[in-house]
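Chemist: One structure, pasted below without further comment.
The values are calculated or read from the model by the stated rules, or taken from the named source; none is laboratory data. All values reported here derive from a predicted model rather than from experimental measurement. Ideal geometry is used to build each Cβ from the backbone, glycine not excepted, and the neighbour counts take in all protein chains shown. Remember, those area values only see protein heavy atoms, side chains included, never the ligands or the DNA or RNA. Shrake-Rupley method; radii C 1.70, N 1.55, O 1.52, S 1.80 Å.
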Amino acid sequence: MSYDYHRPRSLAEALDIAAATPGARFVAGGTDLMVQIHKRAAAPAALISLRHVAELGGIDNGARLRIGSSVTLTELQAEPAVAAGYPALIDSMRPFGSRQIRNMATLGGNLCNASPGADAAPPLLVYDAVVELRDRAGAREMALEEFFVGPGETALAPGEVMTAILLPPRAGDVRSVYLRKARVKMDVATVSVAALVEMEEGSCVRARLAAGAVAPVPKRLRDTEGLLVGSPLDDATIARVSTAAADEISPITDVRSTADYRRHLTGVLLRRALERLRAAPGEGVL
Amino acid sequence: MREEVAFRLNGHDVAVEVDVHRTLLDVLRDVLGEMGTKEGCGEGECGACTVLVDDAAVVSCLYPVCEADGTSVTTVEGLFEPGGELSPVQTAYLEFGGTQCGFCTPGMIMASVALLAENPDPSEEEIRYALTGNLCRCTGYVQIVESVRAAAELMMERPA
């Protein structure tokens, strides 16, 4: 369980080390990877720390909100621009691990670890997040939905780093919420959901639904969200949506829950989420 | 691969040459002999190994020792008052029975210190939330929460 440890100061240096070091892994907060190493589920030849890479830190509220991939969850929780525009993302941080974990863990790390239950993923999916990836050849952008390939698998190429998470600006009567259910505090979610609606004259003109821990990847529920568009958030619509979601997910039975319970819970959480959005004030976000 | 790592530990400069794959917890206990910080689960779940790095509570079992380079680390050994007295948080844990077997106590205390530095007058709910990452298998949490509340009151009574 011995490995080298590199602490590059710039992105160029980090990418060069990765190219020159077979079997190296990038690490940010380490709250997932260090556990895997301790359990001998991962045995990297070297770790390349991203904590000191200046380009990966900071939050920039420009045309899009740009969150550096190495921003810690504690930093994210304290950011007014996130709280104001993307409240479901803030909601997902509250039950995330513990304070000690949030002080270390990063937003990019949560996504790159690619757990199907990654807490930050459902909110970012409903906000149409884009991730910025970079290797020595250059940068590319990708919808977060495309980034998740399978449990623990992402679209990152070898030697490529996630540099930022980009969120489009909020406009109109957009409301969003995140709900999760877990057995006890500190446990990963049994099921989590995020919902976003844009309302115009009592009718939903845009909808996004996403769920965690119910499919091999954090999943945007495209078919189900389509049922909301053009409808009011009335009981009949909400009932239809919460039933339909079961057809779009593929939960498994594991130590936390049976597949059947996860399917049931997804519907319940979606119903509660949409009821909350209906109750939200006409302007602004929940 | 070995490297020299230098940091402030409880107000004193330390420099150690270490294997780079070691954790801060390992080095605190096995190299520097600071045995107050405990290893519970080794997976970041139980909080027994909580220390402060630049005033932020972290789980030292997952903290690569190299990342401590250039930082200021505080462990439970660093909480004594200038005259060698126990700190208010330690005093309150003793008085209010916030410790039983004692294994979780250093981590509980460090998480409590971090909370009170940020929020000097926390509610019960805020205390429970701040201690989510610290598990006690003896007392339950009622006396621990009371201890933190008492520590808050002790600290607020003191002249600034």
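Chemist: Could you list, in sequence order, all residues of the range B:94-129 that are polar (S, T, N, Q), within 13 Å of another protein chain (Cβ to nearest Cβ) and not in a helix (DSSP H, G or I)?
Modeler: Matches in the range B:94-129: B:N119 only.
Chemist: Hey, can you tell me all the residues within the range A:91-108 that are open to solvent by 10 Å² or more (accessible area, probe 1.4 Å), touching a Gly at 6+ places or on another chain (Cβ under 9 Å) and either of a type in the set (G, A, S) or at pLDDT below 95 (or both)?
Modeler: A:G97
Chemist: Cβ-Cβ distance below 8 Å, separation of 6 or more or different chains: which pairs start in the range A:57-85 with a residue that is open to solvent by 50 Å² or more (accessible area, probe 1.4 Å) and end on one that is assigned to a helix (DSSP H, G or I)?
Modeler: From residues that are open to solvent by 50 Å² or more (accessible area, probe 1.4 Å), the pairs are A:N61/A:A81; A:Q77/A:I90; A:Q77/A:M93; A:Q77/A:R102; A:A83/A:I90.
Chemist: Looking at the range A:28-37, is at least one residue in contact with an Asp or Glu (Cβ under 7 Å, 6 or more places away or on another chain), within 14 Å of another protein chain (Cβ to nearest Cβ) and modelled with pLDDT under 95?
Modeler: Scanning the range A:28-37, I find no residue that is in contact with an Asp or Glu (Cβ under 7 Å, 6 or more places away or on another chain), within 14 Å of another protein chain (Cβ to nearest Cβ) and modelled with pLDDT under 95, so the answer is no.
Chemist: While we're on this one: Keeping to the range B:138-158, report how many residues are in contact with a Cys (Cβ under 7 Å, 6 or more places away or on another chain) and in contact (Cβ under 8 Å) with a residue 40 or more places away in the chain.
Modeler: 1
Chemist: Does B:R8 qualify as being crowded, with 19+ Cβ neighbours inside 10 Å, away from chain A (no Cβ under 14 Å) and of a type in the set (K, R)?
Modeler: So B:R8 fails the test.
Chemist: Could you please let me know if A:R183 is touching a residue at least 60 places away in the same chain (Cβ under 8 Å), open to solvent by 10 Å² or more (accessible area, probe 1.4 Å) and not in a loop (DSSP other than H, G, I, E, B)?
Modeler: No, not satisfied.
Chemist: Right, another one. Answer yes or no: is there a residue in the range A:18-32 that is open to solvent by less than 60 Å² (accessible area, probe 1.4 Å), touching a residue at least 40 places away in the same chain (Cβ under 8 Å) and of a type in the set (S, T, Y).
Modeler: Yes, because at least one residue in the range A:18-32 is open to solvent by less than 60 Å² (accessible area, probe 1.4 Å), touching a residue at least 40 places away in the same chain (Cβ under 8 Å) and of a type in the set (S, T, Y).
Chemist: Which of the residues belonging to the range B:15-46 are open to solvent by 50 Å² or more (accessible area, probe 1.4 Å), of a type outside the set (D, E, K, R) and touching a helix residue (DSSP H, G or I) at 6+ places or on another chain (Cβ under 8 Å)?
Modeler: B:M35, B:C41
Yes/no per residue for (1) assigned to a helix (DSSP H, G or I); (2) touching a Cys at 6+ places or on another chain (Cβ under 9 Å):
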| residue | (1), (2) |
| --- | --- |
| B:E4 | no, no |
| B:F7 | no, no |
| B:A15 | no, no |
| B:V18 | no, yes |
| B:L28 | yes, yes |
| B:G33 | no, no |
| B:E39 | no, yes |
| B:E45 | no, no |
| B:V51 | no, no |
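Chemist: Still on this structure, I have one more. Scanning for something assigned to a helix (DSSP H, G or I), among the hydroxyl-bearing types (S, T, Y), open to solvent by 10 Å² or more (accessible area, probe 1.4 Å) and farther than 23 Å from A:H6 by Cα, does the range B:85-93 turn up at least one residue?
Modeler: Yes, because at least one residue in the range B:85-93 is assigned to a helix (DSSP H, G or I), among the hydroxyl-bearing types (S, T, Y), open to solvent by 10 Å² or more (accessible area, probe 1.4 Å) and farther than 23 Å from A:H6 by Cα.
Chemist: Can you say whether B:G44 is at the interface with chain A (Cβ under 8 Å from one of its Cβ atoms) and either closer than 22 Å to A:D32 by Cα or aliphatic (A, V, I, L, M) (or both), as far as the supplied structure shows?
Modeler: Here the answer is yes, as B:G44 does meet what is asked.
Chemist: Exactly one of these conditions fails for B:N134: (1) under 21 Å from B:D55 (Cα atoms); (2) assigned to a loop (DSSP other than H, G, I, E, B); (3) without any contact (Cβ under 8 Å) to a residue 40 or more places away in the chain; (4) of a type outside the set (A, V, I, L, M, F, W, C). Give me its number.
Modeler: (3)
Chemist: Just checking, how many residues over the range B:69-105 are of a type outside the set (S, T, N, Q) and more than 19 Å from B:L154 (Cβ to Cβ)?
Modeler: 8
Chemist: Same structure again: Being among the basic types (K, R) and modelled with pLDDT of 95 or more is the filter; apply it to the range B:114-151 and report the residue that is surrounded by the most Cβ atoms within 10 Å (Cβ to Cβ).
Modeler: Checking each candidate, the answer is B:R149.
Chemist: Another one. Return yes when A:L111 is closer than 22 Å to A:L50 by Cα, open to solvent by less than 40 Å² (accessible area, probe 1.4 Å) and in a strand (DSSP E or B) and no when it is not.
Modeler: Criteria not met by A:L111.
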